[in-house]
Each structure stands twice: as structure tokens, then as C-alpha cells.
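Shown next, in C-alpha cells, is the structure this report addresses.
Since every read-out is calculated from the coordinates, none of them should be taken as a lab result. As the structure is a prediction and not an experimental result, all values here were calculated from the model. Every residue, glycine as well, gets a Cβ built from its backbone with ideal geometry; the counts of neighbours run over all protein chains shown.
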Amino acid sequence: MTATAAIEAVTTRIRERSKPSRELYLARIDEAAGRGPHRQVLSCGNLAHGFAACGPADKAALSADRVANLGIITAYNDMLSAHQPFETFPALIKAAAHEAGGVAQVAGGVPAMCDGVTQGRPGMELSLFSRDLIAMAAAVGLSHDMFDAAVYLGVCDKIVPGLVTAALTFGHLPAIFIPAGPMTSGLPNDEKARIRQLYAEGKVGRDELLEAESKSYHGPGTCTFYGTANSNQMLMEIMGLHLPGASFVNPGTPLRDALTKEAARRALEITALGNDYRPAGRMIDERSIVNGVVGLNATGGSTNHTIHLIAMAAAAGIKLTWQDIADISEAVPLLARVYPNGLADVNHFNAAGGMGFLIRELLAAGLLHEDVSTVWGEGLAPYTVEAKLGKDGQVIRQPSPEKSGDAKVLTTHQKPFQATGGLKVMSGNLGHAIIKTSAVKPERRVIEAPAIVFDSQEELNAAFKEGRLDRDFVAVVRFQGPKANGMPELHRLTTVLGVLQDRGHKVALVTDGRMSGASGKVPAAIHVTPEAIDGGPIGRIDTGDMIRVDGEAGILEAFVNEAELERRPAPAPDLSANEHGLGRELFAGFRELAGRADEGAAVF
């Protein structure tokens with residue numbers, strides 16, 4: 001089967017599998033759209049409350065339903081670098097809307113937490129659940145029924161998936177996502193990683209570590225490595241929810257502001273009151289979701305999206321599975337090398353040709369559905385461009401370069417970095433898992449070694465500091481799934497395991513938790529399903545059991561007789577420490593309701 005045929009086959013089976021739920025979803029959003037501009041159904045008291053703080057001109061416009069009203073959903077806060085630039089965006093959007101004859105109001109704010117701040121801390125146990133909370137918070141803002149379209153201001157890990165879930169839940173409304181862009185390049189990512197490992201080994205102190213981290217994360221914008229935040233931006237562009245060329249323009253630049261204003265104007269044009277109505281729920285379909293998965297694999301994107309994409313698709317009645325993602329991975333070559341899959345950062349990626357070059361190459365290889373609907377129009381070909389600032393301060397677009405600006409960062413489909421995307425589903429007597437091999441050297445992708453079992457990442461780190469891990473082993477870190485403790489990222493294990501690997505040991509990780517979107521150096525079978533607290537076999541592994549982690553063949557297996565594994569009692573760990581502190585007590589209901597990782601780990 002050709003790569004193109006493989007992509008078509010996966011798309012067809014998603015469409016067939018999703019038909020009942022998709023038809024029901026479309027009927028619901030069509031019914032909502034059929035009621036027309038929703039301010040018509042508001043009572044005078046309702047409407048007066050809705051525009052009480054507006055100026056006279058906006059009140060007159062909204063009372064007569066003469067113009068479109070944009071609802072702004074913002075994830076702004078000024079602690080997090082990625083979201084701090086959004087402080088000025090509402091004013092830009094409102095000004096652009098007025099210039100175009102429309103109105104814009106901030107409909108609501110949503111929380112935005114940073115996994116980089118909470119790594120290894122109790123707050124990380126709220127992170128995955130914040131995605132669904134963000135969707136719910138956005139729904140509260142849009143539930144006032146005052147809006148003809150929504151623009152979404154969000155960037156990072158759980159924020160964009162949560163906002164997409166909200167946008168598709170309100171699928172009768174057009175939706176445009178407006179990014180803030182990455183911070184300028186700082187300390188190279190490989191140097192940052194080197195200092196982290198030296199610190200873990202006790203060879204440099206905290207002052208040196210903090211200096212390196214501060215030089216890496218140094219200003220407004222997203223972190224520059226290719227983790228979940230920047231994978232989000234890639235997804236929004238390749239799925240047609242960004243304007244062409246918008247993803248990786250630095251904040252605080254004239255081009256960034258021009259793109260924001262242009263997005264507001266375009267949002268007005270695609271409302272039911274405009275000339276090109278594009279409801280988000282109709283626009284995003286099975287082809288759009290497949291295009292997102294293709295982009296994820298072609299760029300070596302975040303493993304977190306093997307969870308988030310399933311939840312996002314489900315919001316539109318589309319049933320995506322891990323097997324779909326894995327089959328697409330087998331058909332899609334790796335075209336980008338951005339840290340942790342290489343030494344470059346996203347600014348280097350953008351300078352080498354960025355999204356325009358990538359999309360053009362994938363289209364040329366027949367790996368993307370070109371015939372999709374986007375916020376820009378029909379077809380994906382208009383996204384094979386670079387955005388520039390014209391002399392009049394408006395955005396102009398030029399065809400993406402024919403040749404990569406740096407072939408070590410971004411390559412063609414004829415000369416890929418590797419033949420497959422590197423995301424693979426693993427199966428065996430321990431259940432199902434995900435492994436990302438694109439950042440793992442080929443000689444380290446198959447590990448067979450005795451297990452050392454831990455019930456927390458703290459236990460593993462303590463064992464390392466005590467010198468008990470200088471050997472070949474597979475670290476089994478269990479009770480880290482959604483139901484157990486909210487499925488925190490275990491990114492801090494990357495440094496410890498990386499040190500042991502660099503000492504010449506064969507090491508791997510098996511866990512029902514998550515790793516960071518920036519992880520990959522050490523082979524890691526993650527998102528193991530069923531999780532230990534649900535009776536998954538990972539909970540019955542004993543220290544000393546031989547484990548095979550085969551990232552090439554997709555095998556995750558314990559060399560334990562099946563009957564013996566079944567006879568072993570399921571452990572009953574004390575998880576009470578996960579239930580209180582830094583807000584975790586407020587999320588008890590989320591832990592109880594959380595679904596399986598391979599079904600999106602959603603609470604609704």
C-alpha cells in the first residue's frame with residue numbers, strides 16, 4: 001500500500017467508525033446554527049446585561065443585530081511567558097473589529113498552567129485535568145449566547161486542546177485560534193540539558209543550574225523547544241484553525257500584531273452575518289484530524305497529543321484511536337529535527353521554511369488532505385506560504401521557499417530524516433502503550449532488562465541518589481495514571497535516566513503516566529493502559545521480572561507466565577498523599593470520572 005493509500009484507508013475507517021456519533025453531532029450544531037444570530041432570542045433584560053459596559057455605538061449595533069460580535073476567550077496571565085503577550089491582544093482585536101464594522105467582547109478567561117513550573121510538584125497532578133476544566137470555563141463564557149464567532153487566545157500544553165474542545169462543542173460558531181508566538185532563542189537546548197545532567201550528578205550547583213535555565217527561558221513567548229506547546233501551534237495551522245503562516249512569529253513584533261488584527265477581521269467575515277459562514281464543527285472533520293496526526297508524526301511532535309487529539313476529535317463526534325495514529329506514523333516520514341529530536345529550536349525551524357515548507361512537502365508527497373475547509377478558505381494549498389509584513393503594515397504572503405534554509409532542521413519528503421514518524425503503539429501482556437522513537441538512537445530502541453518497580457518518581461530519584469541504579473534495568477513507575485493521581489508528567493526522570501544511559505547502562509521506562517513533550521532520549525513506554533489502579537498488569541510486575549521494551553516492533557512484554565501474572569495480588573497502595581494540597585482535593589471528582597488514556601483521559 002502506498003503512503004497516500006494508507007492515509008486514505010485510515011481516514012475512511014475513522015469516517016465509518018464515527019458515522020453515528022458524527023451525524024448526531026452535526027445535527028445538533030445545525031439546529032443551533034438554524035436559530036440565527038442568538039441575540040434575537042435574548043430578552044431585553046438579558047441583552048441589556050450583555051452590553052451594559054459597551055460604548056453607545058456598540059450598544060446600538062448589538063441591539064439591532066446589524067453586525068457580528070466576536071467572543072474573545074483568553075488564557076492570559078502574566079506569570080507564564082507564553083500567555084503574557086495576550087495582555088494586549090483584546091484591545092487589538094476590538095480595534096480591528098471596529099474598523100471592520102463589528103464588535104468584540106472578552107467573553108471569558110480560562111486558566112493556564114505551565115507544566116514547566118509544576119514539574120515534579122503536586123500541582124502537576126492538576127495539569128491534565130486542567131484541559132477539561134479549560135473547555136468548561138470557555139463554555140461558561142460562550143454560554144451567554146451573545147456571539148457570532150469566537151477567537152481563542154491560548155498556546156500551551158493543555159490550553160489549546162481544552163480550547164479546541166470548547167470550540168467544537170460550540171461548533172455552530174466559527175472559531176479562529178490566535179497564537180502569541182515563541183520567545184526568541186536563548187541558551188541552546190542541548191547546553192541546557194547538559195547542565196541539568198551535571199546538576200543531577202552533583203557536578204554543578206543550584207546557582208549554575210538556575211543561570212542556565214534562566215538563559216533558556218528568558219522572555220515572553222513559548223519555550224523554544226518542540227514540546228506540547230509548539231506542537232499545539234503546528235496542529236492549529238495544519239488543521240486550518242490558524243491563519244496561514246501565523247504559528248511561529250515572535251511576540252511583540254509588528255508582524256505578530258498585524259496577524260492578530262487580520263484574524264479578527266477574518267473572524268467577522270466567516271460568521272453567519274458575513275459572506276463566508278464557516279462553523280467550526282462543519283469545518284473540522286475527519287480529514288482535518290488526520291492532517292493533524294500527519295503533522296504530529298512528520299515533525300516528531302509531543303506524545304501528549306496521543307491523548308489530546310483523541311479528546312479533541314471526540315468533541316466533534318469523531319472517533320480517533322491509537323491504532324489510527326500508529327498506522328499514520330508508519331506512512332509518514334520525519335521531516336523536522338527540532339529539540340528534543342535535534343539541536344534546533346522552533347525559531348530555527350521557522351527560519352528554515354517553517355509550516356509553509358512542511359505543508360508543501362507533505363502535500364507533494366500525497367500525505368495530507370488538501371481538500372479541507374479552513375478558516376482561510378477552501379483547501380490547504382494556501383497554507384504553503386510565509387507571512388511577511390507589507391509596507392502598509394498589513395500581512396502579505398509569499399510562497400514558501402523551494403529549498404530548506406537548513407537541511408539539518410527541515411528536509412524534503414524525498415530525503416527524510418527517517419522513514420516513519422516515530423510514534424508507535426506498543427502491545428503485549430502489560431497492555432497498550434505509546435513510545436516515541438524519533439529522538440531515541442536506533443541502537444537504544446530495544447531494551448531487555450530486569451524491572452525495578454517504583455510507585456512514584458520520588459522513589460526512583462531517591463534510588464538514583466543512593467547509587468542503587470548503576471545497572472541495566474527497566475524502571476516501572478506505576479500508579480501514575482489519570483485515575484490514580486491525574487497522570488502527571490514525569491519529565492524529571494528524563495535527566496536521571498539520561499545520566500544512567502550516558503554511563504553505558506541499558507535503561508528504559510515503563511509507566512502508566514505521561515512524559516513531557518520534550519522527552520525522548522531514553523526509550524519510554526508511556527500511557528500504559530489499563531493503568532495500575534484499574535487492575536492493569538503493570539501493577540503486578542515485581543522487581544526482577546525481565547521486561548522487553550521493543551520500540552521497533554512495538555512490543556511491551558514481561559517474561560512472566562500469564563497464569564503467574566494473573567495469580568499475583570494487585571497491590572493496594574496508599575494514594576492518600578495525592579488527594580490533598582495545592583488544590584488536589586478539589587479534583588477528586590475528576591480523578592473518579594477520568595477515562596482511559598487511549599480514550600482521551602477525559603472527564604466528560
Once THR88 and LYS203 are pulled to full extension, the length gained, defined as 0.36 nm per residue separation minus their Cα-Cα distance, is 37.1 nm
Sketch the reach of a paramagnetic label on LYS441 as a point 7 Å from Cα along Cα-to-Cβ, and name the residues of the stretch 533-563 whose backbone nitrogen lies under 20 Å away. 549-553
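Just subtract the alpha-carbon distance of GLU579 and ARG468 from 0.36 nm times their residue separation and send over the number in nm, one decimal.
Values: separation 111, 0.36 × 111 = 39.96 nm, distance 2.96 nm.
Taking GLU579 through ARG468 to full extension adds about 37.0 nm, to one decimal.
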Points 7 angstrom from Cα along the Cβ direction at ASP406 and VAL117: gap in nanometres? 3.0 nm
Modelling each spin label as a point 7 Å along the Cα-to-Cβ direction, I'd like the SER63/ALA364 distance in nm, to one decimal. 5.8 nm
Charges at C-beta only: +1 for Lys and Arg, -1 for Asp and Glu. How large is the resulting dipole of the stretch 423-599 about its Cα centre, in Debye rounded to 20? 560 debye
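Convex hull over the Cα atoms of the stretch 514-600, averaged projected area in nm²? Let's see the in-between values first.
Details: hull surface 31.3 nm².
Over every viewing direction, the Cα hull of the stretch 514-600 projects on average to 7.8 nm².
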Give me the distance between the Cα centres of the stretch 132-200 and the stretch 282-323, rounded to whole Å. 16 Å
Distance from a point 7 Å along Cα→Cβ of TYR277 to each backbone N in the stretch 34-63: keep the residues under 20 Å and list them by number. 34-42, 62-63
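Could you calculate the FRET efficiency of ALA32 with HIS505 from 1/(1 + (r/R0)^6), where r is the beta carbon distance between them and R0 is 56 Å, rounded to 0.05? Display every interim value, and only then the final one.
Values: r = 57 Å, r/R0 = 1.02.
For R0 = 56 Å, the calculated efficiency reads 0.45.
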Okay, which of the stretch 196-217 sit inside 20 Å, backbone N to the point 7 Å along the Cα-Cβ direction of GLU458? 200
Label points 7 Å out from Cα along the Cβ direction at GLN398 and THR184: separation in nm? 2.1 nm
Express the Stokes-Einstein translational diffusion coefficient of the stretch 423-599 in µm² s⁻¹, to the nearest whole number, given a Kirkwood radius over alpha-carbon pairs, 37 °C and a viscosity of 0.692 mPa s. 203 µm²/s
